[in-house]
Amino acid sequence: MYLIINTEEMFANCFSLTSLNLNFLENTIQWKNASKMFINCIGLTEIIFPTIYANLLNLTDYMFSGCTELTSINLEGLYSGSIQDMSFMFENCENLKYLNIYNLDTRDVLVFKNIFNGIKNKIEIIYNENKTNHTLKDEIEKRRIK
């Protein structure tokens, strides 16, 4: 087990980064802050998330903001605790076509301002209705391909 609490800005502004495998996070405990983790990684085309039980994760604001080349974000293996701030999480992910947030618990989200700001097309979004804040669910349905 690894004690990683804060990954804020861990890969921020890694313009030349194209692919990233996050298997090193698999046995992480006490992960609380993923704010701006990949902000402005404009060359990033692929992120591989392992199964992570992040029961304390509560900040994901700006996590993927500015990742203009990402077409798919699969967070199905990320089992979160009660996220509170998801604002601007996928802002300006202009080429995003697929998003899986099925295991993110967003029932207690307080802030999700502009979560999909800058995404012009409808996208395929997989989410768990039983773990999703009602207002956020409305925002997802506006962006989701039906």
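To the nearest Å, what is the center-to-center distance of the stretch 9-50 and the stretch 69-138, using C-alpha atoms only?
One Cα centre to the other: 16 Å.
Write down the percent of antiparallel bridges among all DSSP beta bridges whose residues are both part of the stretch 15-146, to the nearest 5.
Expressed as a percentage, antiparallel bridges in the stretch 15-146 total about 0.
Give me the percent of the accessible area of the stretch 1-52 that comes from carbon and sulfur atoms, probe 1.4 Å, all protein chains in place.
51 percent
How charged is the neighbourhood of GLU141? Take every other residue with its Cβ under 12 Å from the Cβ of GLU141, and add Lys/Arg as +1 and Asp/Glu as -1.
Once all neighbours under 12 Å are counted, the net charge is +3.
Taking a 1.4 Å probe, which of PHE112, PHE64 shows the most accessible area, and what order do the others take after it?
Sorted descending by solvent-accessible area, the residues read PHE112, PHE64.
Farthest toward the dipole's positive end in the chain, which of THR28, PHE88, ASN6, given Cβ charges of +1 (Lys, Arg) and -1 (Asp, Glu) about the Cα centre?
Of THR28, PHE88, ASN6, it is PHE88.
With each label point set 7 Å from Cα along the Cα-Cβ vector, what nm distance links ILE29 and ILE5?
In this crude spin-label approximation the distance works out to 1.5 nm.
From the mean inverse distance of alpha carbon pairs (Kirkwood) and the Cα radius of gyration, derive Rg over Rh for the chain.
The Rg/Rh ratio comes out at 0.93.
Here is the link list: LYS113/LYS142; LYS32/LYS137; LYS32/LYS97; LYS122/LYS146; LYS32/LYS120; LYS36/LYS113. Which ones come out longer than 20 Å on Cα distance?
Checking Cα-Cα distances, LYS32/LYS137; LYS32/LYS97; LYS32/LYS120 exceed 20 Å.
Quick one: pull the percent of accessible area on the stretch 70-146 belonging to carbon and sulfur, 1.4 Å probe, ligands and nucleic acids left out.
It is 43 percent, rounded to a whole number.
Solvent-accessible area per residue for the stretch 42-106 at a 1.4 Å probe radius, Å²?
The answer is 35 Å² per residue.
Counting Lys +1, Arg +1, Asp -1, Glu -1, what net charge surrounds SER87 among other residues with beta carbon under 13 Å of its beta carbon?
Local charge sum for SER87: -2.
Once R0 is set to 35 Å, what does the formula 1/(1 + (r/R0)^6) return for the Cβ-Cβ distance between ILE145 and LEU17, expressed as a FRET efficiency to the nearest 0.05?
0.80
Place a point 7 Å from the Cα of GLU94 along the Cα-to-Cβ direction; which residues of the stretch 103-129 have their backbone N under 18 Å from it?
Residues 116-123 qualify, since their backbone N sits under 18 Å from the label point.
The values are calculated or read from the model by the stated rules, or taken from the named source; none is laboratory data. Because the structure is predicted, anything quoted here is derived from the model rather than measured. As a convention, Cβ positions derive from the backbone with ideal geometry for all residues, glycine included, and neighbour counts pool all protein chains shown. Ligands, DNA and RNA are excluded from the accessible area calculation, which covers all protein heavy atoms including side chains. Shrake-Rupley method; radii C 1.70, N 1.55, O 1.52, S 1.80 Å.
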